[in-house]
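Structure first, then comments.
The values are calculated or read from the model by the stated rules, or taken from the named source; none is laboratory data. In this text the structure is predicted, and so the values were computed from the model without any measurement. FYI the Cβ positions are ideal-geometry reconstructions off the backbone, even for glycines, and counts take in every protein chain you see.
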Amino acid sequence: MQYIKVKLKQAEMETVVIQIYNSKAYKILADLEDLQILKVLKKSKKKTISLSEKYAGKLTSKTADALQDYVKQSREEWNHKTI
């Protein structure tokens, strides 16, 4: 299911959100737009950010260093395990 916003062309314009169940609806919406009955608004794309950007500055330097040391130690133990 997809959602798109449609701006109705009337004396007082109103924006509505519709839910598309069938891909044929896109053709119908395009036809209605050609007839200047409504205008299909472009869906804004959210900027995707990396996890490092998202969580930058969330840990104190001390906590980040301790976590980094723990991860380093865990990797060393993993690489030197004797099973």
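For residues that are over 30 Å from Met13 (Cβ atoms), surrounded by 10 or more Cβ atoms within 10 Å (Cβ to Cβ) and among the aliphatic types (A, V, I, L, M), tally how many sit in the stretch 30-70.
6
If a residue must be at pLDDT 85 or above and not hydrophobic (A, V, I, L, M, F, W, C), how many such residues does the stretch 1-51 contain?
Of the residues in that region, 13 qualify.
Which members of the stretch 34-81 meet the condition of being acidic (Asp, Glu) and over 30 Å from Val16 (Cβ atoms)?
Of everything in the stretch 34-81, those that are acidic (Asp, Glu) and over 30 Å from Val16 (Cβ atoms) turn out to be Glu53, Asp65, Asp69, Glu76, Glu77.
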